[in-house]
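Here's the structure we're looking at; comments come further down.
The values are calculated or read from the model by the stated rules, or taken from the named source; none is laboratory data. This one's a predicted model, so the numbers in the text were calculated from it and none came from an experiment. Methodologically, a virtual Cβ is constructed for each residue, glycine included, from the backbone with ideal geometry; neighbour enumeration extends over all protein chains shown. Quick note on the areas: whole protein, heavy atoms, side chains included, nothing else; ligands and nucleic acids left out. Shrake-Rupley method; radii C 1.70, N 1.55, O 1.52, S 1.80 Å.
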Amino acid sequence: MDNDPRRITHWVGGKPWSGPAGRAGDVFDPATGRLTGRVDLASGADVDAAVTAAVTAFADWRHSSLTRRAQALFAFRELLNSRKEELAAIITAEHGKVLSDALGEVTRGLEVVEFACGIPHLLKGGFSENVSTKVDVYSIRQPLGVVGIISPFNFPAMVPMWFFPVAIACGNTVILKPSEKDPSAAVWMGALWAEAGLPDGVFNVVHGDKEAVDRLLEHPDVRSVSFVGSTPIARYVYEGGTKAGKRVQALGGAKNHMVVLPDADLDLAADAAVNAGFGSAGERCMAISALVAVEPVADELVRKIRERMDGLTVGDGRRGTDMGPLVTEAHRDKVAGYLDAGVAQGAELVVDGREQKIDGDEGGFWLGPTLFDRVTPAMTLYTDEIFGPVLSVLRVPTYDAALDLVNTNPYGNGTAIFTNDGGAARRYQNEVEVGMVGINVPIPVPMAYYSFGGWKHSLFGDSHAHGAEGVQFFTRGKVVTSRWLDPSHGGLNLGFPRND
Ligand code: NAD
């Protein structure tokens, strides 16, 4: 039957997995609520098989020339760029975000592929001639081996692309474990790598849940783990991975504040709050969820935001709407639960997303954009990462009170300040304890040649994603001291080596 859910399986050794199916998970189209796929959930033995393929591939790939690696990345880039609409459609069908947003996600991932095309330059080491008489020293960076990437549901293409282009360019082989909620993008990218001529086993995809993650964390041949997801799981992965002796970067959850100072352009700020609060239904780690209005601007700002929200359309992301559904029914219900809690705790419900008119199938996982005013730091609307289309306005009397609120929050992923005062903006960028800061820019996602990552509970480990830190993370350094024999240097000397 046409409506039967598809089987979505692993991608190992350059082809779809041919092993037996064990446990499986449901995959839905969030805009209709229909079950569209059943994804294989790997057992420990399945993970082992993928790691074996990656270990085998590493033996050759680590010796491939920089030119060869750059060519594979260029080929992948060209294919992805020419077929990005196809990938965007896959993302929309399983995640729910609107097509234009899915395309934006692919484009931001492509930028990392383009960055990694420059790998010959990025891997250049240092060289010092004659550190001692006729002795030279040089540094090189070498790949780690098999690297694990564990990604969240909200960016099924971009987040994996924060890591795998750089990892592969550096000479590693990859096991990607995508979110089991929207697994098809990862497999599609696996097939694209094969088309681009990447040797079999360099890029592998293993679907799964905790069982697969635990095996990746403990497998002795997996040298590093790059994780992105919620804070409790990020902490778990960081602790488990480092305990097993691995290099780990674990990016966690977020609660991003947008501070609006009294001198800000309130139209610009209101546009930004709506775009960054409700884009992708708030399911972005850089979404703005706490709007900190420094008085006396709150009344006017709330009015302007409300006006803009009146014009937002919500519905099936394939129909040109502004905002799509949430990823699953359970997630929609959880987010909707915060609306009741907010009212019960005394926040002012300005726009109720449950009353939004929907341009889509009744069975979709819908919740419209919601605005709360007069939220206080003790309310669950503020203490929890909601990860949905819910924007909370907190009113504070001064810049110092705003800064204190942001810096007291346990998360530190992104933040923005809206002001026309350069001095205030500069002070904020200096004083705020957050990894990514926007000045009159609400979603300050760094370009691929800088590194992405937060502070505090938003990142465990010390390496951010892509850019120079990505290259550093996926390689280890070696320093070589060399002397080519010269008769004048003969003879025994048991002293500690000196440079003279
Ligand atoms: P999640 O933590 O539920 O899942 C992330 C990954 O961990 C998935 O691959 C999942 O299969 C796996 N996982 C889930 N439960 C596990 C368990 N008990 N043990 C081991 N592995 C487990 O996150 P999500 O709901 O997919 O994604 C949303 C979260 O990701 C939000 O908290 C968001 O802020 C965060 N996020 C952060 C960033 C960032 O850059 N900091 C970027 C994107 C998303």
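Quick notes on this structure:
- Where strands (runs of 3 or more DSSP E) fall entirely within the stretch 51-165, those with at least 2 residues that are buried (at least 23 other Cβ atoms within 10 Å of the Cβ) are at 146-150.
- Only listed residue being touching a residue at least 40 places away in the same chain (Cβ under 8 Å), of a type in the set (S, T, N, Q) and more than 16 Å from the ligand (Cβ to nearest atom), chosen from N413, N440: N440
- Checking E180 against (1) under 30 Å from P389 (Cβ atoms); (2) more than 15 Å from the ligand (Cβ to nearest atom); (3) out of contact with any helix residue (DSSP H, G or I) (no Cβ under 8 Å at 6 or more places or on another chain); (4) of a type outside the set (S, T, Y), the condition it does not meet: (2)
- Test: residue in the stretch 378-386 that is among the hydrophobic types (A, V, I, L, M, F, W, C), closer than 12 Å to K255 by Cβ, surrounded by fewer than 23 Cβ atoms within 10 Å (Cβ to Cβ) and away from the ligand (no atom under 16 Å from the Cβ): no
- Search result, residues across the stretch 442-461 that are under 14 Å from N409 (Cβ atoms) and either at pLDDT below 95 or open to solvent by 30 Å² or more (accessible area, probe 1.4 Å) (or both): W455, K456, H457
- When the stretch 276-299 is filtered for residues that are touching a helix residue (DSSP H, G or I) at 6+ places or on another chain (Cβ under 6 Å) and either among the polar types (S, T, N, Q) or open to solvent by 30 Å² or more (accessible area, probe 1.4 Å) (or both), only S280 remains.
- Some residue of the stretch 13-35 being aromatic (F, W, Y) and within 30 Å of M323 (Cα to Cα): yes
- Among the residues of the stretch 208-252, those identified as more than 9 Å from the ligand (Cβ to nearest atom), closer than 29 Å to G37 by Cβ and open to solvent by 10 Å² or more (accessible area, probe 1.4 Å) are R215, E218, H219.
- With respect to being outside any loop (DSSP other than H, G, I, E, B) and crowded, with 22+ Cβ neighbours inside 10 Å, G342 fits the description.
- Pairs are defined by a Cβ separation below 7 Å, a sequence spacing of at least 6 or placement on different chains, a first member in the stretch 299-319 that is in contact (Cβ under 8 Å) with a residue 40 or more places away in the chain, and a second member that is polar (S, T, N, Q); the pairs so defined are T313/T321; V314/T321; V314/Q356; G315/T321; G317/T92; R318/T92.
- Comparison of A167, A157, A89 shows that the only residue that is assigned by TED's automatic domain parsing to the domain that holds G13, more than 16 Å from the ligand (Cβ to nearest atom) and under 17 Å from the mean Cα position of the chain (by Cα) is A167.
- Note on the stretch 74-93: residues that are under 19 Å from S151 (Cα atoms) and touching a helix residue (DSSP H, G or I) at 6+ places or on another chain (Cβ under 6 Å) amount to 5.
- Residue within the stretch 479-490 that is open to solvent by 80 Å² or more (accessible area, probe 1.4 Å), away from the ligand (no atom under 15 Å from the Cβ), of a type in the set (V, I, T) and more than 30 Å from R247 (Cβ to Cβ) present: no
For (1) touching a residue at least 12 places away in the same chain (Cβ under 8 Å); (2) assigned by TED's automatic domain parsing to the domain that holds G277; (3) assigned to a helix (DSSP H, G or I), each residue gets a yes or a no:
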{"residue": "F365", "(1), (2), (3)": "yes, yes, no"}
{"residue": "L371", "(1), (2), (3)": "yes, yes, no"}
{"residue": "E385", "(1), (2), (3)": "yes, yes, no"}
{"residue": "V393", "(1), (2), (3)": "yes, yes, no"}
{"residue": "N407", "(1), (2), (3)": "yes, yes, yes"}
{"residue": "N420", "(1), (2), (3)": "yes, yes, no"}
{"residue": "R426", "(1), (2), (3)": "no, yes, yes"}
{"residue": "A448", "(1), (2), (3)": "yes, no, no"}
{"residue": "E469", "(1), (2), (3)": "yes, no, yes"}
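- Checking each residue in the stretch 266-323 for being within 16 Å of the ligand (Cβ to nearest atom) and more than 17 Å from Y382 (Cα to Cα) picks out G279, S280, A281.
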